[in-house]
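Since the structure comes first, as structure tokens, the remarks are kept for the end.
The values are calculated or read from the model by the stated rules, or taken from the named source; none is laboratory data. Note that the structure is a prediction, hence the values are computed from the model and not measured. Counting neighbours? That spans all protein chains shown, and the Cβs are built from the backbone with ideal geometry, glycine included.
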Amino acid sequence: MEGAKLPEISAELVSRLIAGQFPQWASLPVKPVEVSGWDNRTFRLGERMSVRLPSAEGYTPQVAKEQRWLPFLAPLLPLPIPTPLGLGAPAEGYPWPWSVYGWLEGESAVSAPISDLARVAWQMAHFLNVLQSLDAESGPRFGPHSFYRGGPLTNYDAETRHAIGILGAEIDAAAALAVWEAAVSATWHGPPVWFHGDVSAGNVLIDGGQLSAVIDFGCAGVGDPACDTVIAWTLFEGESRQAFVNALAADAATWARGRGWALWKALIVLEEHCASDAVKAAEARRVLGEVLRGEVVSGSG
């Protein structure tokens, strides 16, 4: 496939892939989901399944990881997560492996109405507490497959400092640098535990106003769980943020590192989109404001 053009990842392509490799499902309709994500493109297959295809080569190691580890995690967690039903092979000009999963009901928290955000925050914290308690001895150590989520923030030190310098007067550079340096200094000394790696509104499903499932474990692995606290600044605020802080088993150093993860992501999104995408830039500024407004201190000590 070197030098070949990647085909458009469309419903038509998915239909051909399914027909060629899973003929038992060939008659089922294929439709793109409303919120597909960036790392992968997701399609609904019939009423009870979904198909997920990496959008670039760098995301392909996540396929085998999810196929291996989601069946191990699923029965041990308090909320539904994706269940692999099939592993697809490269075909039809598409060069990478891909997956078929069971369909999970619910709507992304990006747009779904939430009846009690504090309740959702508690549910999310409980989910993460259980995830971190699971046997991690043989789990996938953080690395390129997780984009170094679960690893030290120093992996993104140069990128973060560059973004702060580039954005200049666009942000409170001194405050951002102080938050970043505090995060990098709050070194992780705990035992490796399971982390999700991308706990965001887009990967949380809401059904009937309540948290119904957690999806997209592509960045999951074993290491430092601080990256999973980012949702405290991106989705929760006020009472709901406090509920999340109080319920999550995390110390002050973990919150400091989590704040650094949230800062890094907001900075790089703002740097990339400040002149090209007003919606993404506005959301990055909002999150950055939440991150810089004040420290989060663990309610569990």
Output the residues belonging to segment 207-221 that are under 16 Å from TRP103 (Cβ atoms) and assigned to a strand (DSSP E or B). ASP207, SER212, ALA213, VAL214
Unique residue being hydrophobic (A, V, I, L, M, F, W, C), crowded, with 21+ Cβ neighbours inside 10 Å and touching a strand residue (DSSP E or B) at 6+ places or on another chain (Cβ under 8 Å) when the list is TRP233, TRP194, TRP180: TRP194
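Residue-by-condition table, conditions (1) over 23 Å from ALA182 (Cα atoms); (2) surrounded by fewer than 22 Cβ atoms within 10 Å (Cβ to Cβ); (3) touching a residue at least 12 places away in the same chain (Cβ under 8 Å); (4) not assigned by TED's automatic domain parsing to the domain that holds VAL199:
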{"residue": "VAL245", "(1), (2), (3), (4)": "no, yes, yes, no"}
{"residue": "ALA266", "(1), (2), (3), (4)": "no, no, yes, no"}
{"residue": "ALA275", "(1), (2), (3), (4)": "yes, yes, no, no"}
{"residue": "ALA282", "(1), (2), (3), (4)": "yes, yes, no, no"}
{"residue": "VAL287", "(1), (2), (3), (4)": "no, yes, yes, no"}
Specify the residue that is surrounded by the most Cβ atoms within 10 Å (Cβ to Cβ); the eligible residues are those in segment 29-47 that are touching a Phe, Trp or Tyr at 6+ places or on another chain (Cβ under 6 Å) and modelled with pLDDT under 95. ASP39
So which residues in segment 94-148 are assigned to a loop (DSSP other than H, G, I, E, B), out of contact with any helix residue (DSSP H, G or I) (no Cβ under 8 Å at 6 or more places or on another chain), in contact (Cβ under 8 Å) with a residue 60 or more places away in the chain and under 23 Å from ARG48 (Cβ atoms)? LEU104, GLU105, GLY106, SER111, ALA112
Of all the residues that make up segment 149-192, how many are of a type outside the set (Val, Ile, Thr) and in a helix (DSSP H, G or I)? 25
Considering each of PRO84, PRO71 in turn, give the residue that is surrounded by fewer than 17 Cβ atoms within 10 Å (Cβ to Cβ) and not basic (Lys, Arg). PRO71
Just to be sure before I move on: is ALA252 surrounded by fewer than 20 Cβ atoms within 10 Å (Cβ to Cβ) and either among the β-branched types (Val, Ile, Thr) or touching a Ser or Thr at 6+ places or on another chain (Cβ under 9 Å) (or both) in the structure I sent? yes
Restricting to segment 11-28, name every residue that is over 18 Å from TYR94 (Cα atoms) and either modelled with pLDDT under 95 or touching a strand residue (DSSP E or B) at 6+ places or on another chain (Cβ under 8 Å) (or both). TRP25, LEU28
Segment 204-249, residues that are polar (S, T, N, Q) and modelled with pLDDT under 95: GLN210
